[in-house]
Amino acid sequence: MHFHVVTLFPEFFASPLSSTMLDRGRERGAIDFSVHDIRDYTQDKHRTADDTPYGGGQGMVMKPEPVVAAIEAAADAGRSRRILLSPRGRKFDGELAERLAGEEALTLVCGRYEGVDERVCAAVDEEISVGDYVLSGGEPAALVILDAVARLVPGVLGCAQSAIEESFADGLLEYPHYTRPPEFRGAAVPEVLRSGDHQKIAIWRRRESLRRTLEWRPELLIKAELSEDDRDWLRQLDPEWNRSR
């Protein structure tokens, strides 16, 4: 899978794309990256990529010509789904990450300042938001999507099972993890995890996943696939739980 990033600040991606999982995925040939500098597609000697807004107001707006030219150059490199990082876009979540992981290529367009000229929107396939908060630009949001999607591409993670067992993979929060030492500052590793009984461990992990979700993100249980055993356990944890279904 090929990721294209369209940005005014290509240096922002130098370190993240050359380290950790993303770089290892590239070394394995599962993913690759191209970062496109919007200023390379400007037409004046000052490489102007923004201008004042029509109608007045604060800040600057990214000009449509260089942004669209950069998007089209990235798209020409392959059949790429073009995404604008935008606060009005669909909220990014695990389900959307899985869909995007099935694409041949993605082009992530990073806005800055007051945003992009509205006419840029005609050059993208969809708009995505990573949350209801303000960022300095689309670059941090692009990294969130890069990381979340890349780990779902076959061959990126050293252990494919990791992506299956992580939080939200089955609609629930993940169970607690422990490693050596068996006791730390009075807190011991649960005995079941040291028992060697894999069936009991699997049951414990499922129940702890349900417990955590009920405590921290109960709304996730509405859509989660639950067995009757899961439902019985949740009712043991909270006798009122069934009324919320």
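The values are calculated or read from the model by the stated rules, or taken from the named source; none is laboratory data. Since this is a predicted model, take the numbers as computed values, not measurements. Here the Cβ is made from the backbone with ideal geometry for all residues, glycine too, and neighbour counts use every protein chain on show.
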(request) Could you tell me whether the range 82-104 includes any residue that is out of contact with any Ser or Thr (no Cβ under 9 Å at 6 or more places or on another chain), among the acidic types (Asp, Glu), without any contact (Cβ under 8 Å) to a residue 24 or more places away in the chain and under 21 Å from residue 153 (Cα atoms)? (result) yes
(message) I'm told residue 100 meets every condition in (1) under 16 Å from residue 143 (Cα atoms); (2) more than 21 Å from the chain's Cα centre (by Cα); (3) aliphatic (A, V, I, L, M) except one. Can you identify the failing condition by its number?
(response) (2)
(message) Any residue at all in the range 113-121 that's closer than 20 Å to residue 2 by Cα and either modelled with pLDDT of 95 or more or outside any loop (DSSP other than H, G, I, E, B) (or both)?
(response) no
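Confirm whether residue 196 is free of Cβ contacts under 8 Å to residues at least 60 places away in the same chain and buried (at least 18 other Cβ atoms within 10 Å of the Cβ).
On the way: free of Cβ contacts under 8 Å to residues at least 60 places away in the same chain: yes; buried (at least 18 other Cβ atoms within 10 Å of the Cβ): no.
So residue 196 fails the test.
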(request) May I ask you to list the residues in the range 51-66 that are in contact (Cβ under 8 Å) with a residue 40 or more places away in the chain and either part of a loop (DSSP other than H, G, I, E, B) or touching a His at 6+ places or on another chain (Cβ under 7 Å) (or both)? (result) 53, 57, 58, 59, 60, 63
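Quick one: in the range 122-155, of everything that is among the aliphatic types (A, V, I, L, M), more than 30 Å from residue 207 (Cβ to Cβ) and in a loop (DSSP other than H, G, I, E, B), which residue is modelled with the lowest pLDDT? Even if it seems obvious, please write down each step before you answer.
Residues of the range 122-155 that are among the aliphatic types (A, V, I, L, M), as a first pass: 122-124, 128, 130, 134-135, 141-146, 148-150, 152-153.
When the remaining residues are screened for being more than 30 Å from residue 207 (Cβ to Cβ), the result is 122-124, 128, 130, 134-135, 141-146, 149-150, 153.
If we keep only those that are in a loop (DSSP other than H, G, I, E, B) as well, we get 124, 130, 134-135, 153.
Numbers: 124: 96, 130: 97, 134: 89, 135: 93, 153: 96.
Taking the candidates together, the pick is 134.
Out of the range 203-231, which residues are assigned to a helix (DSSP H, G or I), surrounded by fewer than 12 Cβ atoms within 10 Å (Cβ to Cβ) and without any contact (Cβ under 8 Å) to a residue 40 or more places away in the chain? Step through it out loud before you land on a result.
In the first step, residues of the range 203-231 are kept if they are assigned to a helix (DSSP H, G or I); the result is 203-216, 218-222, 228-231.
Narrowing further to those that are surrounded by fewer than 12 Cβ atoms within 10 Å (Cβ to Cβ): 215-216, 219, 222, 228.
Scanning the range 203-231 gives 215, 219, 222, 228.
I'd like to know if the range 10-27 contains one or more residues that are of a type in the set (Lys, Arg), touching a Phe, Trp or Tyr at 6+ places or on another chain (Cβ under 9 Å), assigned by TED's automatic domain parsing to the domain that holds residue 96 and within 22 Å of residue 144 (Cβ to Cβ). Walk me through it before giving the result.
From the range 10-27, those of a type in the set (Lys, Arg) are 24, 26; that's our starting set.
In the following step, the residues that additionally are touching a Phe, Trp or Tyr at 6+ places or on another chain (Cβ under 9 Å) were identified as 26.
Add one more test, that the residue is assigned by TED's automatic domain parsing to the domain that holds residue 96, and what stays is 26.
Restricting the remaining residues to those that are within 22 Å of residue 144 (Cβ to Cβ) gives 26.
Within the range 10-27 (the criterion being of a type in the set (Lys, Arg), touching a Phe, Trp or Tyr at 6+ places or on another chain (Cβ under 9 Å), assigned by TED's automatic domain parsing to the domain that holds residue 96 and within 22 Å of residue 144 (Cβ to Cβ)), the answer is yes, since at least one residue qualifies.
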(request) Could you check how many residues of the range 35-88 are among the hydrophobic types (A, V, I, L, M, F, W, C), surrounded by 17 or more Cβ atoms within 10 Å (Cβ to Cβ) and at pLDDT below 95? (result) 2
(request) Determine, yes or no, whether residue 94 is at pLDDT below 95, assigned by TED's automatic domain parsing to the domain that holds residue 141, over 27 Å from residue 32 (Cβ atoms) and not aliphatic (A, V, I, L, M). (result) no
(request) Being in contact with a helix residue (DSSP H, G or I) (Cβ under 7 Å, 6 or more places away or on another chain), assigned to a strand (DSSP E or B) and touching a residue at least 40 places away in the same chain (Cβ under 8 Å) is the filter here, so list the residues in the range 1-32 that pass it. (result) 3, 4, 5, 6, 7
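Would you pick out the residues in the range 89-112 that are in a helix (DSSP H, G or I) and among the basic types (Lys, Arg)? Write out each step before concluding.
The first filter runs over the range 89-112 and keeps only residues in a helix (DSSP H, G or I), leaving 94-101.
If the condition is that a residue be in a helix (DSSP H, G or I) and among the basic types (Lys, Arg), then 99 is the only one that fits.
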